[in-house]
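Participant: Below is a structure I'd like to ask you about.
Bear in mind that the values in this text are calculations on the coordinates, not laboratory data. Predicted model, so just to flag it, every value in this text is computed and none were measured. Cβ coordinates were reconstructed from backbone atoms using ideal geometry, including for glycine residues, and neighbour counts include every protein chain displayed.
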Amino acid sequence: MAWIRWIEDEEAEGAVREVYEAWKAANPERKRMPDILKALSLRPELLKHIIALTYPVHFADGYLDRQTKEAIATFVSALNRCKY
């Protein structure tokens, strides 16, 4: 159970729902919002800007490709005992 209150996919309304739907449209292989993004769901305007800022940095190829970045993120999450 999360310590941070957030809005689940099926409960999303208004601005939160718009952000969720836009994210899902951009990520059709994912059926649900990741919990790490839901942690910002009580502030949909912030969530929208965080996605716009971080996704190009985290998921575009640069010095490291996406697969390497995901592997590093998974390893760090495991070290921190964080499920995401």
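Participant: Can you tell me, using C-alpha contacts under 8 Å and at least 6 residues apart, the relative contact order of the chain as a whole percent?
Facilitator: Numbers: 46 pairs, mean separation 20.7, N = 84.
25 percent.
Participant: Just subtract the alpha-carbon distance of Leu42 and Thr68 from 0.36 nm times their residue separation and send over the number in nm, one decimal. Show your work: numbers first, answer last.
Facilitator: Numbers: separation 26, 0.36 × 26 = 9.36 nm, distance 3.08 nm.
Roughly 6.3 nm would be gained on extension.
Participant: Straight-line reach from Lys69: which aspartates and glutamates have a Cα under 13 Å away, not including same-chain ones fewer than 8 places off?
Facilitator: Of all the aspartates and glutamates, those that pass the test against Lys69 - Cα under 13 Å, at least 8 places apart if same chain - are Asp61.
Participant: Hey, of (1) 13.6, 38; (2) 17.1, 56; (3) 12.4, 42, which did the structure itself give for Rg and Dmax of the Cα atoms in Å when calculated?
Facilitator: Read-out from the structure maps to (1).
Participant: Quick one: if you stick a label point 7 Å off each Cα along the C-beta vector at Ile50 and Arg5, how many nm between them?
Facilitator: 1.7 nm
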